[in-house]
Amino acid sequence: RVCSMRLFLFSFTVCRAAFLRTVFVDYEDGSSQGHFEFGRSVGEAVGDIIRRSWEDDAELKSMEEWAQSEAGRQIYRDFIDISNKSFPLYMKEVEGMAVGAGVPLMRLLVNQLREELSQWVNTGDGRQGHCTDAYAVNETGGVAVLGHNDDWGVYWRNATYFVLATALDARGAVKFKFGSWVYPGYLPGMQLNWNSHGLLWTVNSLFPKSYRSSGVGTAWVARHMAEASSIDELIARAADPRVSTAMNYNLGNLHLKQLWNLEVTTGGVKGLRQILGSYVHTNQFKVLDVDQFQEPSSDHRQKRWDELKPNDVAGIRAFLSDRKDAHYPVWRNRTGGDDCFTEVTGLFDLERRTLSVWTSPALAAPLMELPLDFAGDQSEAVLYT
């Protein structure tokens with residue numbers, strides 16, 4: 001078979017209580033078996049992480065129960081049917097991951113739909129804000145940076161990993177490569193991502209009041225983005241008209257050293273803004289005029305950005321690490337009124353052509369630094385201890 005586990009790294013730092021496991025996979029692109037084996041290889045490599053992280057995952061348990069209830073069964077089935085018909089090869093990856101990780105397929109499918117099912121499960125009167133993205137662009141000063149705090153309501157700091165994939169044609173020749181920092185059991189493409197076409201992107205949750213009870217899951221959309229070969233194609237794939245809810249995408253072109261903010265709402269309606277200076281995006285619409293659920297953490301993070309006004313790499317790192325607001329800090333640790341954790345901070349530096357990552361505030365040296373060029377073996381990543 002073409003798809004095989006090429007290399008498996010377990011990176012652990014002596015001075016920190018966190019690790020980043022990295023999985024290297026070659027797979028035959030465009031082949032059902034190739035995509036299944038891709039998923040199975042990832043599942044075999046990180047199955048222990050997936051199983052352990054789900055043991056106390058109350059969010060996943062409640063979503064799975066809802067998806068089997070009278071209220072949720074048809075909605076869940078519609079999402080899966082449409083996602084499967086839209087992206088059958090990525091569904092093969094989910095099936096392969098379930099086999100490799102030794103977990104129930106339905107649980108893994110529900111896991112892909114957390115963004116969609118959160119519209120109905122454990123919502124209360126509002127929504128739980130997640131990630132923060134901070135930009136700084138100064139062409140004359142040689143600054144082009146996108147920083148991302150990836151936040152979620154489940155503690156996953158010790159349960160995430162990188163997938164670095166090489167897509168091959170039927171003869172075994174390289175078609176493209178991509179990298180993705182991944183939540184346990186997710187398809188690649190949803191968090192910190194880059195590919196060999198010089199594209200990079202991150203995502204933030206958005207909460208429109210108008211959403212649909214069927215459509216293609218954003219996890220499948222994000223996986224589709226990993227294969228985009230131009231910024232226009234990346235935007236078109238993100239703005240899939242079949243999506244049922246909204247997502248914010250933070251996009252970059254490594255070769256041009258350019259950054260954009262893309263908001264996509266229900267039905268693929270999009271708003272695009274090129275970033276030419278300093279900019280921040282949390283979990284509220286800023287480009288599109290959309291009726292949305294208010295989210296207090298986003299308001300507090302925006303206010304702190306307005307106070308600091310960072311415009312360089314050091315300033316972006318300081319902002320993403322900031323905890324001055326005790327009730328709703330930027331770097332989050334489920335304190336005060338906040339109910340989220342910052343799982344990782346990632347910094348795409350388009351001038352240095354690197355991705356730096358931290359699982360603690362980004363004030364010290366990064367836990368790990370990866371090249372964005374795919375010029376050599378990505379196992380040459382720099383680890384800091």
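Quick look at the numbers
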quantity	calculated
Accessible surface, per residue, of the chain when the full set of protein chains is kept, probe 1.4 Å, Å²	37
Inter-label distance, nm, simple model (7 Å from Cα along the C-beta direction), residue 175/residue 323	4.5
Cut-off 9 Å between beta-carbons: net charge of the residues surrounding residue 39, Lys and Arg +1, Asp and Glu -1	-1
Under 13 Å, Cβ to Cβ, from residue 331 - net charge with Lys/Arg +1 and Asp/Glu -1	+2
Förster-model FRET efficiency, 22 Å R0, residue 303 and residue 365, C-beta, rounded to 0.05	0.15
The chain, accessible surface, carbon-and-sulfur percent (1.4 angstrom probe)	49
Anisotropy class of region 77-189 from Cα gyration tensor, a/c 1.5 cut	oblate
Theoretical FRET efficiency, 1/(1+(r/R0)^6), r = Cβ-Cβ of residue 229 and residue 353, R0 25 Å, to 0.05	0.85
Chain lengthening between residue 33 and residue 58 when straightened (0.36 nm per residue, less Cα-Cα)	5.7 nm
Cα gyration tensor, region 161-279 - rounded (a/c under 1.5), prolate or oblate	oblate
Three-way shape call for the chain based on the alpha-carbon gyration tensor, with the a/c threshold at 1.5	rounded
Residue-span extension gain [residue 77 to residue 274] - 0.36 nm each, minus C-alpha spacing	67.2 nm
Ranked by how many other beta carbons lie within 10 Å on average, peptides 310-316, 258-264 from highest	258-264, 310-316
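The values are calculated or read from the model by the stated rules, or taken from the named source; none is laboratory data. Quick caveat, the model's predicted, so the values are computed rather than measured. So basically every Cβ, Gly included, is an ideal-geometry build from the backbone, and we count neighbours across all protein chains shown. Side chains included, ligands, DNA and RNA excluded: accessible areas come from the protein's heavy atoms. Shrake-Rupley method; radii C 1.70, N 1.55, O 1.52, S 1.80 Å.
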